[in-house]
Amino acid sequence: MSDTIGRTTHVIHVGTERLEHVTMDAMSVKSKHGKEEIQNLRRDYRRAQLLEKNVSADPFEQFDRWFKQARKAGEIEPNAMVLSTADGRGAPSGRVVLLKEVEAGGFVFYTNYNSRKGKQLKTNPRGALTFFWPKLERQLRIEGQVRRVSRSQSEAYFQTRPRDSQLGAWASDQSSVINSRRELELIDAELAKVFGDGPIPLPDSWGGYRLVPSRIEFWQGRHGRLHDRLEYFRKKGVWMIRRLAP
Ligand SMILES: Cc1cc2nc3c(=O)[nH]c(=O)nc-3n(C[C@H](O)[C@H](O)[C@H](O)COP(=O)(O)O)c2cc1C
């Protein structure tokens, strides 16, 4: 039977023992924070339009404009982007990472090469980056090949990071299962002692990736869900633009 806050007690008899097992009732959770409330969340986008005549022929130049506008609009982390990767069987996964550079025809982020994403990129070196800038009612989708940046580039970037972050890169075997938060903090403290005041070198397992795009889509929210979507794609090495249905 369910009680007033949606807990259901299941009684199971095992031999002479009477066991009680309590679960939360999904329906009661739904009625409190649920279906109708979520269904009624919507915004109409009216802020801007995206027309062929106003965009740059070069998607990197267009990215630069949009990125500057996202910063100016006060987006909290304008360089936060969802990185999507897939494993060898094609099963996808996504997570947020920070864009750190745009150079050499690509978008650079830093991470642990042995992490889940790192392993996926080893077997399947393709990825997608998705930015969402809600204040500007904009989405940006970038897809392409992913390669490691040079060791010297990772080294140069690592040395600009705050010391705590450098230590963290050593302390965390990213994506592995750990016993407790405490264990992680002990390792971090131990490493702080080991390095003392000396320089913290770049760990072998840590560095950058560059995603070199073959497709970049600029999405501007419009009234009545008739959004603007302009896709840049490469034809014989030249960037072309086409409009996609929203
Ligand atoms: C705003 C934000 C920024 C992040 N930036 C990075 C980043 O630059 N590099 C990184 O490895 N993880 C970053 N993370 C953590 C990742 O989302 C993720 O938890 C981690 O990389 C492990 O992912 P994986 O197990 O799929 O490899 C960030 C998370 C958030 C919310």
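Numbers below:
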{"read-out": "Whichever residue in the stretch 105-156 is crowded, with 18+ Cβ neighbours inside 10 Å and among the aromatic types (Phe, Trp, Tyr) and, among such residues, is nearest to Asp87 (Cα to Cα)", "value": "Tyr113"}
{"read-out": "Top-ranked residue of the stretch 108-130 - restricted to ones that are away from the ligand (no atom under 12 Å from the Cβ) and touching a strand residue (DSSP E or B) at 6+ places or on another chain (Cβ under 7 Å), ranked as farthest from Phe233 (Cα to Cα)", "value": "Asn124"}
{"read-out": "Residue within the stretch 83-103 that is surrounded by 19 or more Cβ atoms within 10 Å (Cβ to Cβ) and either more than 16 Å from the ligand (Cβ to nearest atom) or at pLDDT below 95 (or both) present", "value": "no"}
{"read-out": "The stretch 169-196, residues that are among the polar types (S, T, N, Q) and surrounded by 15 or more Cβ atoms within 10 Å (Cβ to Cβ)", "value": "Ser172, Gln174"}
{"read-out": "Extreme residue, farthest from Ser165 (Cα to Cα), among residues of the stretch 50-82 that are in contact with a Lys or Arg (Cβ under 6 Å, 6 or more places away or on another chain) and within 16 Å of the ligand (Cβ to nearest atom)", "value": "Glu75"}
{"read-out": "Test: Trp170 is among the hydrophobic types (A, V, I, L, M, F, W, C), within 19 Å of the chain's Cα centre (by Cα) and within 15 Å of the ligand (Cβ to nearest atom)", "value": "no"}
{"read-out": "Residues satisfying the stated conditions in the stretch 51-82, i.e. acidic (Asp, Glu), surrounded by fewer than 18 Cβ atoms within 10 Å (Cβ to Cβ) and in contact with a strand residue (DSSP E or B) (Cβ under 8 Å, 6 or more places away or on another chain)", "value": "Glu52, Asp58, Asp64, Glu77"}
{"read-out": "Subset of the stretch 201-232 [more than 24 Å from the chain's Cα centre (by Cα) and surrounded by fewer than 19 Cβ atoms within 10 Å (Cβ to Cβ)]", "value": "Pro201, His223, Gly224, Arg225, Leu226"}
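The values are calculated or read from the model by the stated rules, or taken from the named source; none is laboratory data. All values derive from a computational prediction rather than experimental measurement. Methodologically, a virtual Cβ is constructed for each residue, glycine included, from the backbone with ideal geometry; neighbour enumeration extends over all protein chains shown.
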